[in-house]
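Scroll down for the structure; my scribbles are underneath it.
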Amino acid sequence: MPLNRRKFLKKSAATGAGVAIAGAAAAPTAEAAEARKPGHPVKRYSLTVMGTTDLHGHVFNWDYFKDAEYADKAGNAMGLARISTLVEQVRKEKGRCNTLLLDAGDTIQGTPLTYYYAKVDPITAKGGPVHPMAQAMNAIGYDAAALGNHEFNYGIETLRKFEDQLDFPLLGANAVDAKTLKPAFPPYFMKTFHVPGAKPVKVAVLGLTNPGIAIWDKAYVQGKLAFPGLEEQAAKWVPKLRSMGADVVVVSAHSGTSGTSSYGDQVPYVEDAAANVAKQVPGIDAILVGHAHQEIPELKVVNEKTGKTVVLSEPLCFAERLTIFDIELVFSKGRWEVESVSASLRNSNTVADDPKITKLLTDEHRKVVAYVNQVVGRATETLTTVEARYKDAPIIDLITKVQEDVVKAALAGTAYASLPVIAQASPFSRTSEIPAGDVTIRDLSSLYVYDNTLVAKLLTGAQVRAYLEYSAGYYVQTAADATVDVEKLTNAGGRPDYNYDYVSGLSYDIDIAQPAGSRIKNLTFNGAALDDAQEFVFAVNNYRANGGGAFPHVATAKELWSESTEIRTRIAEWVTAKGVLDPKDFASVDWKLVREGKPVF
């Protein structure tokens, strides 16, 4: 009799218990059939574990920001409709009953599709829709998924509703109740594979998520959930899974492999800890890696305690790749043992969309296309982010202007209303463009691709100076007489574009000939040298306000105000109210790159 998976999931989500599901009888592999013949006592079994990660709302090979089929220079294709085709290919090759399908998190944020069903036609409304990602993943037949940090971006209510709509568990062994420290989500999933003529194979999947959630979505989780380190929670749970009879232990981790963090010392845990887990925790056979948006076909890590090799793999984000773990087991001394693990990737650009997924979600897709193509204003000239990394671009000034105006209005009539308001913004994209003429929601969404919200913090002039110095570390030190190559000028130390900030309302130079930490020159406010004691209201996105990027002072600064409306929505409201998008209403040259006082450009 088939198990009522949804009923079981609801129960397990409430209690924090793991999810155990009995598998159907596995189709005999050639090895298993051979092993049953007289004179062939060795029994073998082949298991295939498939994995995706960082889907970020990509169902189809479609770019909502460009209103066109997705295309990049590498020829990639994306979307769960392609993944569905790849999954069916693997199931046909390996035997459906010999496979597992997992995901490593970041599912319900990242595209206008996910925004639409969180905010415009929310799944949390009474009688609301089933989330498109839930529909697609259910139809494809996922067995389990780890929680990603972006699962929390729309609040716990939206996450729990999404969880309720899934036919498989959302795993998070290190997502615990803040008071009881008991699991708030199922820590693990177990499935039994019945091998004809042999003892069943028990497979355990442990889900781990990112401790940075405590920082990045502090407004939603503080006092409710806590997120201990991956290493310590894996060390707690893996032995339990082995004691429960798991022959194979796979970890689905929303955490990269680098062993580094982007949040400084704000939490005592490592952000990208998957390789650490492999090294430090015995008993793991394979780890599906997520979060870092990297492509890692196969990474072998030796466990420091056992000397055994753990195989890691990270498929490229946005459903551009599918990881394949091929796990070979041999029956010895009354138990199954993992003999070998190998990993590889399959590319979504090699297949077409699965018509099943296309038929299922075409209506939802069309609704979102219509929504993002709504005209909200008219631009007097084309605005672009192409040079925004190294030149003060008007298109980024639009963001800071909107943030300043919203915060000024919010603080009107308060004790802080007389303080000057300054704002930060990052050049998130290198390709965003608001064309001259009609401006649509998708034009503005492409400018601000994250679902960040706005916070007002109180900073001093000295703290602002330190903030700018830290930001200026984004540039590669370049001697005064050296040729400037803009493709090699930024991202020093691997820092991403979203961790470089403009700050409006001030005037300053960034001397890239100087070492990081001593680059901010001629810093003025209202035409005079900045007073270190001057107080400012700093309009900042919630990611940065909560410590994202490890910028100094801002995370610990006094919070004056915050809201839950996305900055992208505020930009659309501002443009709609103006009707005309004219740079004279928001653009200003606040900063420039120099070398020994001479402008670089």
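Observations
- Using a simple spin-label model with pseudo-atoms 7 Å out from Cα toward Cβ, GLU304 and THR382 lie 5.4 nm apart.
- Antiparallel DSSP beta bridges within the chain, percent to nearest 5: 65
- Dipole check for the chain: with +1 at the C-beta of Lys and Arg, -1 at the C-beta of Asp and Glu, and the Cα centre as origin, the magnitude is about 2400 Debye.
- The chain - accessible surface per residue (Å², probe 1.4 Å): 39
- Per-residue SASA entry for VAL248, accessible area with 1.4 Å probe, Å² rounded to 10: 0
- ARG495 accessible area, 1.4 Å probe, all protein chains in place, Å² to nearest 10: 40
- With every protein chain in place, the chain: carbon and sulfur % of accessible area (1.4 Å): 52
- Projecting the Cα atoms of ILE567, ALA173, ALA81 onto the dipole axis of the chain, where Lys and Arg carry +1 and Asp and Glu carry -1 at the beta carbon, places ALA173 farthest toward the positive end.
- Backbone N within the stretch 326-350 under 20 Å of label point (7 Å from VAL42 Cα along the Cβ vector): 326-342
- Cα-projected label distance for ALA415 with MET244, points at 7 Å along beta-carbon direction, nm: 5.2
- Area accessible to solvent at TRP237, 1.4 Å probe radius, in Å²: 30
- Alpha carbon centroid spacing (whole Å) that separates the stretch 121-193 from the stretch 361-435: 31
- Under a model in which nothing but the beta-carbon of Lys, Arg (+1) and Asp, Glu (-1) is charged, the stretch 40-187 shows a dipole of about 540 debye around its Cα centre.
- Extending 7 Å from Cα along the Cβ direction at LYS73 and again at VAL130 yields two label points whose distance is 4.1 nm.
- Highest-first arrangement of 213-220, 554-561, where packing means the average Cβ count within 10 Å: 213-220, 554-561
- Protection proxy ranking, peptides 440-446, 360-366, 162-168, average beta carbon neighbours within 10 Å, highest first: 440-446, 162-168, 360-366
- DSSP bridge analysis restricted to the stretch 180-280 gives an antiparallel fraction near 50%, rounded to the nearest 5.
- Karplus-derived 3J(HN,Hα) values for the stretch 517-528, using 6.51 cos²θ - 1.76 cosθ + 1.60 with θ = phi - 60°, are x, 9, 10, 7, 10, 6, 7, 10, 9, 6, x, 10 Hz; glycine and proline are entered as x.
- In the chain, the calculated helix contribution to ellipticity at 222 nm averages -7500 deg cm²/dmol per residue, counting -39,500 (n - 2.57) for every DSSP H run with n ≥ 4.
- A simple charge model with +1 on the Cβ of Lys and Arg, -1 on the Cβ of Asp and Glu and nothing else charged puts the dipole of the stretch 452-601 at about 80 debye relative to its Cα centre.
The values are calculated or read from the model by the stated rules, or taken from the named source; none is laboratory data. Everything numeric in this text was worked out from a predicted model, so none of it was measured. Ideal geometry is used to build each Cβ from the backbone, glycine not excepted, and the neighbour counts take in all protein chains shown. Heavy atoms of the whole protein, side chains included, go into the accessibility calculation; ligands, DNA and RNA do not. Shrake-Rupley method; radii C 1.70, N 1.55, O 1.52, S 1.80 Å.
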